[in-house]
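Remarks on the structure that follows.
The values are calculated or read from the model by the stated rules, or taken from the named source; none is laboratory data. Every value quoted in this text rests on a predicted model; they were computed, and no experiment measured them. Note that each Cβ is placed from the backbone with ideal geometry, even for glycine, and that neighbours are counted across all protein chains shown. Note: accessible area is taken over every heavy atom of the protein model, side chains too, but ligands, DNA and RNA are not part of it. Shrake-Rupley method; radii C 1.70, N 1.55, O 1.52, S 1.80 Å.
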Amino acid sequence: QVQLVESGGGLVQAGGSLRLSCAASGSIFSSNSMGWYRQAPGDQRELVALITRAGSVNYADSVKGRFTISRENAKNTVYLQMNNLKPEDSAVYYCKVLLGGVNYWGQGTQVTVSS
C-alpha cells in the first residue's frame, strides 16, 4: 500500500512559479511511472506530466516548455516545477503512481493562477 501526499499548491499571479511535491509513504523506486494530473471544475482529469522508471518524460502540449517533472527516489518524492503559470493552469493537481499494476492517487493540491 502506498500513500501519496501532495503539497506546494497555492495562489500565484500569472507569470509566477510554483513547485509541487508528492511524497510517498512507501518506496517508489520500482514504480513503473509517476505522473501529475489536474482537474478544473467541470472538466475531466487530464495528464500534465509523466515520468517513467527509466526517466523518460512526457508532457501535455499545453505545459511543454513551462513545467518540469522530476523524481527523487531516495526521498520517495516526485516534483512538478511550474513556471510562467497562466490562469488556465488553475486546477486541483493530483499525483499518481503506478506500482505493481495498481494506480495510487494523492488527495490533490489546489493551484490558482490570477490574471
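Pairing each residue of the range 53-72 that is without any contact (Cβ under 8 Å) to a residue 40 or more places away in the chain with any residue that is of a type in the set (Phe, Trp, Tyr), provided the two are 6+ apart or on different chains, yields C-beta distances under 6 Å for Ser70/Tyr79. Hey, any hits in the range 78-92 for a residue that's among the polar types (S, T, N, Q), in a strand (DSSP E or B), in contact with a Ser or Thr (Cβ under 7 Å, 6 or more places away or on another chain) and under 17 Å from Thr112 (Cβ atoms)? No - not one qualifying residue is present in the range 78-92. Looking across the range 56-67 at every residue that is part of a strand (DSSP E or B) and open to solvent by 20 Å² or more (accessible area, probe 1.4 Å), the one that is farthest from Leu98 (Cα to Cα) is identified as Tyr59.
Out of the residues in the range 31-55 meeting the condition of being assigned to a loop (DSSP other than H, G, I, E, B) and in contact with a Leu (Cβ under 7 Å, 6 or more places away or on another chain), tell me which one is surrounded by the fewest Cβ atoms within 10 Å (Cβ to Cβ).
Let us first name the residues in the range 31-55 that are assigned to a loop (DSSP other than H, G, I, E, B), namely 31-32, 40-45, 53-55.
Those still in the list that are in contact with a Leu (Cβ under 7 Å, 6 or more places away or on another chain) too: 31-32.
On the way: Ser31: 23, Asn32: 14.
Ranking the candidates gives Asn32 first.
Regarding the range 32-44, can at least one residue be identified that is under 13 Å from the mean Cα position of the chain (by Cα) and without any contact (Cβ under 8 Å) to a residue 40 or more places away in the chain? No, the conditions are met nowhere in the range 32-44.
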